[in-house]
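Right, one structure below, let's go through it.
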Amino acid sequence: MDIDELLEKISGYQPEGGSWLPLDELINVAFTDHDSVSLYAAFFKLFENHPEHDGTGVFWSAVHGMEHMGGYEKYLLEHVRKCESEMGWAMLHRLKNSGATHICDVPISELIT
């Protein structure tokens with residue numbers, strides 16, 4: 001699967017019959033076969049499309065993958081500035097709990113209300 005197709009499938013994912021498992025497979029492909037940093041925007045678009053959901057736990061695969069790879073902070077900052085989502089808030093709190101105080105020179109305390 002080429003990267004453009006993968007980006008589209010992840011960012012626009014809608015569960016069929018309530019199943020999020022196909023998304024978990026896409027996330028695994030993303031972190032296995034592609035430059036994951038280039039996919040971060042798709043993950044945050046997914047979170048925007050489902051702001052009050054965690055994909056029945058599947059979104060956590062994306063969160064853990066981004067945390068492992070690093071370099072997601074500027075995408076998180078953009079995301080939380082334009083959309084309130086369960087996963088965005090969770091990621092902010094995880095950063096704060098890890099000892100981080102800023103994202104791209106913006107105090108995390110200003111982002112968490």
For this session: Test Glu25 against the stated conditions and say whether it is of a type outside the set (Gly, Ala, Ser), closer than 19 Å to Asp2 by Cα and surrounded by fewer than 14 Cβ atoms within 10 Å (Cβ to Cβ).
Result: yes
Exercise. Scanning the stretch 62-95 for residues that are among the small types (Gly, Ala, Ser) and assigned to a helix (DSSP H, G or I), which turns out surrounded by the most Cβ atoms within 10 Å (Cβ to Cβ)?
Worked result: Ala62
For this session: For the stretch 54-99, name all the residues that are farther than 19 Å from Ile10 by Cα and of a type in the set (Ser, Thr, Tyr).
Result: Ser98
Exercise. In the list Val37, Val63, Val29, Val106, which residue meets the criterion of being touching a Gly at 6+ places or on another chain (Cβ under 6 Å) and at negative phi?
Worked result: Val37
Seminar exercise, completed: Counting only residues that are touching a Phe, Trp or Tyr at 6+ places or on another chain (Cβ under 8 Å) and over 23 Å from Glu16 (Cβ atoms), the stretch 29-64 contains a total of 3
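None of the figures in this text is laboratory data; all of them are computed from the coordinates on show. Values in this document were obtained by computation on a predicted structure and should not be read as measured data. We place every Cβ from the backbone using ideal geometry, glycine too, and count neighbours over all the protein chains shown.
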